[in-house]
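The values are calculated or read from the model by the stated rules, or taken from the named source; none is laboratory data. None of these values were measured; they are calculated from a predicted model. FYI the Cβ positions are ideal-geometry reconstructions off the backbone, even for glycines, and counts take in every protein chain you see.
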Amino acid sequence: MQPGLQVQAEKVNVPGQPFRALVSFKNLQNIYLRVIPATASIKSALKDVNDNNKFWDILAEATALKTWQQELPIASDLQTHRVEIKIDALPAGEYYIMASKRNDFYRNKNIMAGWLTYISNISFVNYQSDFFVLDRNSGQPLPNAKVQVWQQLYDYKNYKYKKSKLTSNVTDKNGYFSFSKMNEKK
């Protein structure tokens with residue numbers, strides 16, 4: 001009767017509006033949830049963590065913006081089930097949504113799941129090298145938006161990921177800018 005737990009949400013959600021998360025579970029009656037702001041210090045601490053236990057310890061010790069308990073539909077058939085749950089509205093930013101079998105989020109004899117989500121009014125669409133930056137709610141273009149394109153590559157010498165800025169652009173009156181991967185810095 002090993003329990004199972006996974007949490008997923010859209011990668012980007014709209015500020016000030018509740019959103020859904022999909023919980024996949026097995027042999028659980030309820031879970032405990034936390035919303036943790038992905039601050040610069042937390043992201044820095046997690047950046048090069050290769051140890052799964054340390055990853056969960058860092059998040060479990062972080063200050064939560066919100067915590068709550070969620071009852072799950074009763075299912076005693078030992079199968080994996082899925083349910084969508086409501087996550088209350090959040091301001092713009094980056095957040096980890098953590099779920100745990102235990103309310104203290106302590107790793108020992110526990111099962112945890114997490115998901116990183118972004119809360120933003122900005123979206124983009126692209127085809128090949130053409131990009132349009134848009135308001136996520138209205139679909140209207142965002143003129144004069146400052147855009148930076150970054151690349152993350154694994155550095156095999158130092159055994160960690162490195163980010164490098166490829167280009168900066170400003171969108172035109174239609175929210176348009178062009179970026180060709182052929183022009184990427186090596």
Candidates V35, V147, V83, filtered to the one that is outside any loop (DSSP other than H, G, I, E, B), in the same structural domain as L166 (by TED's automatic domain parsing), at pLDDT 90 or above and β-branched (V, I, T): V147
Any hit, segment 83-102, residues being surrounded by fewer than 15 Cβ atoms within 10 Å (Cβ to Cβ), of a type in the set (A, V, I, L, M) and either in contact with a Cys (Cβ under 6 Å, 6 or more places away or on another chain) or without any contact (Cβ under 8 Å) to a residue 60 or more places away in the chain (or both): no
Residue list for segment 3-23, filter: more than 25 Å from V125 (Cβ to Cβ) and not in a loop (DSSP other than H, G, I, E, B): G4, L5, Q6, V7, V23
Answer residue from segment 103-130, given it is aromatic (F, W, Y) and either assigned to a strand (DSSP E or B) or without any contact (Cβ under 8 Å) to a residue 24 or more places away in the chain (or both) and is nearest to V12 (Cα to Cα) among those: Y118
Counted residues, segment 107-125 - those being of a type outside the set (A, V, I, L, M) and within 17 Å of K146 (Cβ to Cβ): 4
Residue match in segment 38-52 (condition: part of a strand (DSSP E or B) and either hydrophobic (A, V, I, L, M, F, W, C) or surrounded by 13 or more Cβ atoms within 10 Å (Cβ to Cβ) (or both)): no
